[in-house]
Amino acid sequence: MKPMSNTDNSKERKVTKIAFTTGEPAGVGPDLALSLITRPREETIVFFADPEVISARALAIGQQVKIIELRDTSQAVNVPPGYMQLVASTCPNPNCVGTPDPENSPYVLKCLDKAVDSCASGKLEAMVTGPINKEIINNAGIPFTGHTEYIAERLSAPLPVMMLTSDTLRVVLLTTHIPLSKVPEHINQRKIVEVVEIVHRELIAKFGIQNPRIQICGLNPHAGEGGHLGPEEESIIKPALKELSTKDIIANGPVSADSAFTIEARKEYDAIVAMYHDQGLVALKTIGFGSSVNLTLGLPIIRSSVDHGTALNIAGSGNVDSGSAEAALELAITISKIS
């Protein structure tokens, strides 16, 4: 297909262009990509995938797709529903639905690299990432902690911050994908201050909140009960909050995590900082799973992601909920217009 003209009544208008990486080819990422091309959009999506992966998945779910391979993302324009513009990479085993193959791991990362580079160069305004399988990538002999850390390293971003956001809650993780036993050693005053500074700045820049209110969880039960249930609140978290108060940042805490996520408590803040992964994400996913979005703060580009994993058991079934993918796309578009 010849690329369609990006003009309207002979008057040039800027079209928002968003990258979408399909992630693990055995999972639901290709299904999500196909779901995103079923209706007209004002924005342009550029997918990063192997055409064979997309074609095989479309066949499996009975969906028609017309693929346009791009040599460069600058060629991307608006296309009708049913068309998919993509930047191609070769997947060694494209017919792997439901069964991950470690041999495909370099392909997954190559697609990610191309999307990151396109955003960093300014050719695309933001990127949305489909789910990957960290275990399979590590099984391929590639040390891999997660999307957030990988993208940050490629962009030389010193402190990426993971935020999960839904309609009613924004949760930031001070520590991310590390064993629970190692969480205390990764918590210090300097890190808390730097993370909260990033959250404060990004709530203003990406969400338009002029005076953000940030709540800080304690690490221990009942926020340490004055040191009787652990020393971290008194020796680390409270000094960090005192330092933040000198920077005109509204940060409150440490609060007990078991009461910080109630409906009434959530009215008191714009974002909450959890000390570790499950402390914050159990609440977030209970409230908004399937419609929440993973947003990486502290990067020189805009990156959002779905809030779920590869869902291998339903890949190619035709029964995949694209709610989180749609929400991640809409958030990336909204932020790209604000920033």
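For Leu155, indicate whether it is within 24 Å of Phe289 (Cβ to Cβ), hydrophobic (A, V, I, L, M, F, W, C) and buried (at least 16 other Cβ atoms within 10 Å of the Cβ). Taking the combined requirement at face value, the residue does not satisfy it. Evaluate the following for Asn104: is it of a type in the set (S, T, N, Q), surrounded by fewer than 19 Cβ atoms within 10 Å (Cβ to Cβ), under 22 Å from the mean Cα position of the chain (by Cα) and under 24 Å from Asp307 (Cβ atoms)? So Asn104 fails the test. Counting only residues that are acidic (Asp, Glu) and not in a loop (DSSP other than H, G, I, E, B), which one in region 133-174 is farthest from Thr286 (Cα to Cα)? This residue is Glu153. Restricting to region 284-298, name every residue that is surrounded by fewer than 24 Cβ atoms within 10 Å (Cβ to Cβ), outside any helix (DSSP H, G or I) and modelled with pLDDT under 90. Listed by number, the residues that qualify are Phe289, Gly290, Ser291. Is one or more of the residues making up region 276-283 surrounded by 21 or more Cβ atoms within 10 Å (Cβ to Cβ), at negative phi, at pLDDT 95 or above and not in a helix (DSSP H, G or I)? Within region 276-283, one or more residues are surrounded by 21 or more Cβ atoms within 10 Å (Cβ to Cβ), at negative phi, at pLDDT 95 or above and not in a helix (DSSP H, G or I).
Would you call Asn313 touching a helix residue (DSSP H, G or I) at 6+ places or on another chain (Cβ under 8 Å) and either in contact (Cβ under 8 Å) with a residue 60 or more places away in the chain or outside the structural domain of Leu32 (by TED's automatic domain parsing) (or both)? No. Does at least one position in region 218-240 carry a residue that is in contact (Cβ under 8 Å) with a residue 40 or more places away in the chain, in the same structural domain as Ile178 (by TED's automatic domain parsing), in contact with a strand residue (DSSP E or B) (Cβ under 8 Å, 6 or more places away or on another chain) and over 22 Å from Ile178 (Cβ atoms)? No, because not a single residue in region 218-240 is in contact (Cβ under 8 Å) with a residue 40 or more places away in the chain, in the same structural domain as Ile178 (by TED's automatic domain parsing), in contact with a strand residue (DSSP E or B) (Cβ under 8 Å, 6 or more places away or on another chain) and over 22 Å from Ile178 (Cβ atoms). Pairs meeting the criteria (first residue in region 324-337 and within 15 Å of Ile45 (Cβ to Cβ), second residue among the aromatic types (Phe, Trp, Tyr) and crowded, with 23+ Cβ neighbours inside 10 Å, beta carbons under 8 Å, at least 6 apart or on different chains) are Leu329/Phe20.
What are the residues in region 40-73 that are under 23 Å from Thr334 (Cβ atoms) and either more than 23 Å from the chain's Cα centre (by Cα) or crowded, with 21+ Cβ neighbours inside 10 Å (or both), if any? If the condition is that a residue be under 23 Å from Thr334 (Cβ atoms) and either more than 23 Å from the chain's Cα centre (by Cα) or crowded, with 21+ Cβ neighbours inside 10 Å (or both), then Pro40, Ile45, Val46, Phe47, Phe48, Thr73 are the ones that fit.
The values are calculated or read from the model by the stated rules, or taken from the named source; none is laboratory data. None of the values given here were measured: they were computed from a predicted structure. Reconstructed Cβ throughout: ideal geometry from the backbone, glycine too, with neighbour counts over all protein chains shown.
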